[in-house]
Amino acid sequence: MKLFIDTAITEEIAAAAELGVISGVTTNPSLLAKSGRTLNDVITEILSLVNGPVSAEVEESSAENMYRQAHEIVNSVNFNPNITIKLPMTEDGIKVCRRLSSEGIMTNVTLVFSVPQALLAMEAGAEFISPFMGRMDDKYADAESGFKLIKKIAEVKRIYGYKSKIIAASIRHTAHVEQAALAGADIATIPFKVIKQMYCHELTENGLKIFRDASKK
Ligand code: G3P
């Protein structure tokens, strides 16, 4: 499973990129607001930090305006092939997904919460689809709702041979990363805080201490 970082904060992206295991970035309007920067201001910098797909979300809601904004974003980064247009899982979003996909522009259909939604996005040629794990768990008060959703979408993808890559999104903790991997997600997009938790384990720290103490003797 590939690992993306889910943030618009360039310092976090740069620090995570140093690990050498991050192959893409996802942003959204909430993450941009948190970073205190605008999409236009930050997107070129993000593209220079990671050599992989970078999702930039349209904020318009009609098909016509989303399509126009998508092209503005693509133009603003000089047609960088890693730019990925993030579109909402709506009727208009699906229409724009089909249009952009046919033009060879990568798309990421976001806010996916069901298999039928995933089917629409995959049929529309989405390069990526983003089911939200944390928000599924919040809504259905079941710590495995997100896991089950990804597992079902991965199974449908396998049966029909869809090419869209599943990005497990709305990841809140390392258990979600584990569930995403076991459910068959192609990618998990992970907040910086959770990436840092991924290399920690109490027994690793204890073990290291034991070895270091032994080597001093
Ligand atoms: O990847 C989508 C993510 O940024 C949303 O996360 O925690 O607001 O559900 P959250």
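I'd like the Kirkwood hydrodynamic radius of segment 1-159, using the inverse of the mean 1/r over distinct C-alpha pairs, in Å.
Every distinct Cα pair counted, the radius reaches 16.1 Å.
Loop-only chymotrypsin sites (Phe, Trp or Tyr not before Pro) in segment 160-217, please: DSSP not H, G, I, E or B, and at most 16 other Cβ atoms within 10 Å.
Those that pass, being in a loop and sparsely packed, are Tyr199.
Which net charge results for the neighbourhood of Ile129, defined as the other residues with beta-carbon distances under 12 angstrom from its beta-carbon, given Lys and Arg at +1 and Asp and Glu at -1?
Result for the neighbourhood of Ile129: +1.
Positive end of the charge dipole of segment 41-159 (Lys, Arg +1 and Asp, Glu -1 on Cβ, about the Cα centre): tell me which of Thr110, Ser61, Met122 has its Cα farthest that way.
The residue sitting farthest along the positive end of the dipole is Met122.
Would you grab the residues whose amide H sits under 5 Å from the one on Ala168? Only those 5+ places off in sequence or on another chain, please, with H modelled 1.01 Å from N.
Asp186, Ile187, Ala188, Thr189
Starting from the amide H of Glu127, placed 1.01 Å from N in the peptide plane, find each other amide H under 5 Å away whose residue is 5 or more places distant or on another chain.
HN-HN under 5 Å from Glu127: Thr107.
Convex hull over the Cα atoms of segment 1-41, averaged projected area in nm²?
One quarter of the hull surface, i.e. the mean projection, equals 2.9 nm².
So which of Lys95/Lys148; Lys86/Lys139; Lys196/Lys217; Lys95/Lys139; Lys86/Lys148 end up more than 25 Å apart, counting from Cα to Cα?
Lys95/Lys148; Lys196/Lys217; Lys95/Lys139
Residue by residue through segment 62-77, what is 3J(HN,Hα) from phi via Karplus (6.51 cos²θ - 1.76 cosθ + 1.60, θ = phi - 60°)? Round to whole Hz and write x for glycine and proline.
7, 4, 4, 6, 5, 4, 5, 5, 4, 5, 5, 5, 4, 5, 5, 10
Near the amide H of Lys86, under 5 Å away, which other amide H atoms are found, from residues 5 or more places off or on another chain, if H is placed in the peptide plane?
Amide H neighbours of Lys86: Ala56, Glu57, Val58, Asn108.
Could you give me the ³J(HN,Hα) list for segment 199-208, computed from phi with Karplus coefficients 6.51, -1.76, 1.60 and θ = phi - 60°, whole Hz, x at Gly and Pro?
Karplus values, whole Hz, x for Gly and Pro: 8, 9, 8, 3, 6, 5, 5, 4, x, 5.
If the cut-off is a Cα-Cα distance under 21 Å, which lysines reach Lys193, setting aside same-chain residues fewer than 8 apart in sequence?
Leaving aside lysines fewer than 8 places away in the same chain, those within reach of Lys193 are Lys2, Lys34.
Which ³J(HN,Hα) values in Hz, rounded to whole numbers, follow from the phi angles of segment 140-154 under the Karplus curve 6.51 cos²θ - 1.76 cosθ + 1.60, where θ = phi - 60° and Gly and Pro get x?
Each residue's phi maps through the Karplus curve to give 9, 6, 9, 5, 10, 4, x, 4, 5, 4, 5, 4, 5, 5, 5 Hz.
With n ≥ 4 as the cut-off for DSSP H runs, can you work out [θ] at 222 nm for the chain, using -39500 (n - 2.57) per run divided by the number of residues, rounded to the nearest 500?
Using -39500 (n - 2.57) per qualifying helix, the result is -16000 deg cm²/dmol.
Mind checking segment 53-141 for chymotrypsin sites (Phe, Trp or Tyr not before Pro) that DSSP puts in a loop (not H, G, I, E or B) and that have at most 11 other Cβ atoms within 10 Å?
Sparse-neighbourhood loop chymotrypsin sites (Phe, Trp or Tyr not before Pro): Phe79.
Here, each number is a calculation from the coordinates, and none is a lab measurement. Here the structure is a predicted model, which is why all the values come from computation and not from measurement. Positions of Cβ are generated from backbone atoms using ideal geometry, with glycine treated the same way; all protein chains shown enter the neighbour counts.
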